[in-house]
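Notes follow once the structure below has been shown.
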Amino acid sequence: MTPPAPDQTTDALHPVRAGLLRSAHADAAALLARTERETAARLDQARAEARAILDEARRQGEADGADAARDLLVTARRQARSRTLAARREAYEELRHEAAERVRELRRTDGYAAVRERLEQRARVLLGPAAEVSEHAEGGVVGRAPGKQVDLSLTVLADRALDRMGGEVRSLWEP
(Lines give C-alpha, C1' and ligand atoms only; values in the text may rest on other atoms or scores of the structure.)
Protein backbone atom coordinates (compact mmCIF):
# COMPACT_ATOMS: atom_id res chain seq x y z
CA MET A 1 0.00 0.00 0.00
CA THR A 2 1.34 3.39 -0.91
CA PRO A 3 1.43 5.91 1.96
CA PRO A 4 -0.66 9.03 1.37
CA ALA A 5 1.09 11.92 -0.29
CA PRO A 6 2.31 14.64 2.11
CA ASP A 7 -0.35 17.02 0.78
CA GLN A 8 -3.10 14.46 1.58
CA THR A 9 -1.71 13.99 5.09
CA THR A 10 -1.52 17.73 5.58
CA ASP A 11 -5.12 17.99 4.36
CA ALA A 12 -6.19 15.18 6.69
CA LEU A 13 -4.59 16.89 9.66
CA HIS A 14 -5.97 20.29 8.72
CA PRO A 15 -9.14 19.91 10.86
CA VAL A 16 -7.05 18.78 13.83
CA ARG A 17 -4.61 21.62 13.37
CA ALA A 18 -7.43 24.09 12.84
CA GLY A 19 -9.26 22.84 15.94
CA LEU A 20 -6.12 22.95 18.04
CA LEU A 21 -5.29 26.39 16.68
CA ARG A 22 -8.81 27.70 17.37
CA SER A 23 -8.72 26.29 20.85
CA ALA A 24 -5.22 27.62 21.42
CA HIS A 25 -6.21 31.05 20.06
CA ALA A 26 -9.30 31.20 22.27
CA ASP A 27 -7.39 30.08 25.33
CA ALA A 28 -4.50 32.33 24.42
CA ALA A 29 -6.84 35.31 23.96
CA ALA A 30 -8.20 34.93 27.48
CA LEU A 31 -4.76 34.31 28.87
CA LEU A 32 -3.31 37.14 26.83
CA ALA A 33 -5.86 39.56 28.25
CA ARG A 34 -4.91 38.57 31.77
CA THR A 35 -1.24 38.53 30.88
CA GLU A 36 -1.51 41.98 29.29
CA ARG A 37 -2.96 43.37 32.52
CA GLU A 38 -0.28 41.71 34.62
CA THR A 39 2.47 42.71 32.21
CA ALA A 40 1.23 46.29 32.10
CA ALA A 41 1.27 46.44 35.88
CA ARG A 42 4.77 44.97 36.00
CA LEU A 43 5.97 47.30 33.27
CA ASP A 44 4.45 50.27 35.11
CA GLN A 45 6.21 49.15 38.27
CA ALA A 46 9.48 48.68 36.38
CA ARG A 47 9.10 52.10 34.78
CA ALA A 48 8.33 53.68 38.17
CA GLU A 49 11.38 51.98 39.64
CA ALA A 50 13.42 53.09 36.64
CA ARG A 51 12.21 56.68 37.11
CA ALA A 52 13.10 56.51 40.80
CA ILE A 53 16.53 55.10 39.94
CA LEU A 54 16.99 57.77 37.28
CA ASP A 55 15.96 60.51 39.72
CA GLU A 56 18.43 59.21 42.27
CA ALA A 57 21.09 58.99 39.58
CA ARG A 58 20.45 62.61 38.61
CA ARG A 59 20.75 63.77 42.24
CA GLN A 60 23.99 61.87 42.69
CA GLY A 61 25.24 63.08 39.32
CA GLU A 62 24.83 66.67 40.38
CA ALA A 63 26.76 65.92 43.57
CA ASP A 64 29.41 63.61 42.14
CA GLY A 65 29.86 65.10 38.70
CA ALA A 66 28.81 64.39 35.14
CA ASP A 67 30.90 61.23 34.75
CA ALA A 68 29.47 59.54 37.81
CA ALA A 69 25.94 60.50 36.77
CA ARG A 70 26.44 59.05 33.31
CA ASP A 71 27.57 55.74 34.80
CA LEU A 72 24.55 55.60 37.09
CA LEU A 73 22.15 56.41 34.26
CA VAL A 74 23.58 53.61 32.18
CA THR A 75 23.21 51.24 35.11
CA ALA A 76 19.66 52.43 35.78
CA ARG A 77 18.68 51.91 32.16
CA ARG A 78 20.21 48.46 32.15
CA GLN A 79 18.40 47.56 35.37
CA ALA A 80 15.12 48.88 34.02
CA ARG A 81 15.59 46.97 30.77
CA SER A 82 16.54 43.83 32.66
CA ARG A 83 13.42 44.08 34.83
CA THR A 84 11.26 44.74 31.80
CA LEU A 85 12.70 41.73 29.99
CA ALA A 86 12.32 39.58 33.10
CA ALA A 87 8.65 40.59 33.41
CA ARG A 88 8.07 39.81 29.73
CA ARG A 89 9.82 36.46 30.00
CA GLU A 90 7.82 35.54 33.08
CA ALA A 91 4.57 36.45 31.34
CA TYR A 92 5.56 34.43 28.25
CA GLU A 93 6.49 31.39 30.34
CA GLU A 94 3.14 31.67 32.11
CA LEU A 95 1.41 31.82 28.72
CA ARG A 96 3.27 28.69 27.54
CA HIS A 97 2.40 26.86 30.75
CA GLU A 98 -1.26 27.85 30.56
CA ALA A 99 -1.48 26.90 26.86
CA ALA A 100 0.06 23.50 27.64
CA GLU A 101 -2.40 22.94 30.49
CA ARG A 102 -5.34 23.87 28.28
CA VAL A 103 -4.30 21.65 25.39
CA ARG A 104 -3.77 18.70 27.76
CA GLU A 105 -7.43 19.13 28.78
CA LEU A 106 -8.28 17.83 25.28
CA ARG A 107 -7.65 14.34 26.66
CA ARG A 108 -10.85 14.61 28.67
CA THR A 109 -13.00 15.47 25.65
CA ASP A 110 -15.07 13.16 23.47
CA GLY A 111 -13.04 14.12 20.40
CA TYR A 112 -9.67 13.13 21.85
CA ALA A 113 -9.75 9.61 20.39
CA ALA A 114 -10.06 11.07 16.88
CA VAL A 115 -7.27 13.58 17.58
CA ARG A 116 -5.01 10.81 18.89
CA GLU A 117 -5.78 8.66 15.83
CA ARG A 118 -4.87 11.50 13.46
CA LEU A 119 -1.65 12.13 15.38
CA GLU A 120 -0.80 8.43 15.17
CA GLN A 121 -1.44 8.49 11.42
CA ARG A 122 0.79 11.56 11.08
CA ALA A 123 3.58 9.80 13.00
CA ARG A 124 3.35 6.83 10.65
CA VAL A 125 3.45 9.11 7.61
CA LEU A 126 6.57 10.81 8.98
CA LEU A 127 8.34 7.64 10.12
CA GLY A 128 6.90 4.92 7.91
CA PRO A 129 4.15 2.35 8.40
CA ALA A 130 6.33 0.12 10.61
CA ALA A 131 6.90 2.89 13.16
CA GLU A 132 6.19 2.13 16.80
CA VAL A 133 3.70 4.73 18.01
CA SER A 134 2.76 5.10 21.66
CA GLU A 135 0.67 7.39 23.83
CA HIS A 136 2.59 10.25 25.42
CA ALA A 137 2.10 10.64 29.19
CA GLU A 138 0.68 14.15 28.71
CA GLY A 139 -1.48 13.31 25.69
CA GLY A 140 -0.73 12.95 22.02
CA VAL A 141 1.74 10.40 20.69
CA VAL A 142 5.43 9.69 20.23
CA GLY A 143 6.61 7.69 17.24
CA ARG A 144 9.86 5.79 16.87
CA ALA A 145 11.53 4.09 13.96
CA PRO A 146 15.15 3.00 13.61
CA GLY A 147 17.22 6.17 13.84
CA LYS A 148 14.18 8.48 13.96
CA GLN A 149 11.72 9.83 16.48
CA VAL A 150 8.80 12.23 16.27
CA ASP A 151 7.13 13.91 19.24
CA LEU A 152 3.49 14.76 18.57
CA SER A 153 2.59 15.21 22.23
CA LEU A 154 -0.07 17.79 23.01
CA THR A 155 2.41 19.93 24.95
CA VAL A 156 4.88 20.02 22.06
CA LEU A 157 2.08 20.84 19.62
CA ALA A 158 0.95 23.72 21.88
CA ASP A 159 4.54 25.02 22.04
CA ARG A 160 4.80 24.85 18.26
CA ALA A 161 1.52 26.75 17.88
CA LEU A 162 2.81 29.51 20.18
CA ASP A 163 6.09 29.60 18.28
CA ARG A 164 4.19 30.01 14.99
CA MET A 165 2.32 32.96 16.51
CA GLY A 166 5.73 34.66 16.88
CA GLY A 167 5.19 38.40 16.57
CA GLU A 168 1.58 38.17 17.69
CA VAL A 169 2.70 36.92 21.09
CA ARG A 170 5.57 39.40 21.32
CA SER A 171 3.18 42.27 20.62
CA LEU A 172 1.67 41.71 24.07
CA TRP A 173 4.72 43.20 25.68
CA GLU A 174 5.45 46.02 23.30
CA PRO A 175 4.56 49.49 24.61
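The values are calculated or read from the model by the stated rules, or taken from the named source; none is laboratory data. Not measured: the values here are computed from a predicted model. When we count neighbours, we look across all protein chains shown, and the Cβ atoms used for this are built from the backbone with ideal geometry, even at glycine. Note: accessible area is taken over every heavy atom of the protein model, side chains too, but ligands, DNA and RNA are not part of it. Shrake-Rupley method; radii C 1.70, N 1.55, O 1.52, S 1.80 Å.
State which residue pairs qualify: first residue under 23 Å from E101 (Cβ atoms) and among the hydroxyl-bearing types (S, T, Y) and inside segment 118-147, second residue open to solvent by 50 Å² or more (accessible area, probe 1.4 Å) and at pLDDT 95 or above in any location, beta carbons under 9 Å apart, and separation of 6 or more residues or different chains.
Filtered contacts from segment 118-147: S134/R144.
Just to be sure I understand the filter: pairs with C-beta atoms under 9 Å, separated by 6 or more residues or on different chains, first member in segment 65-90 and at positive phi and without any contact (Cβ under 8 Å) to a residue 40 or more places away in the chain, second member open to solvent by 70 Å² or more (accessible area, probe 1.4 Å) and among the acidic types (D, E). Which pairs pass?
From segment 65-90, no pairs qualify.
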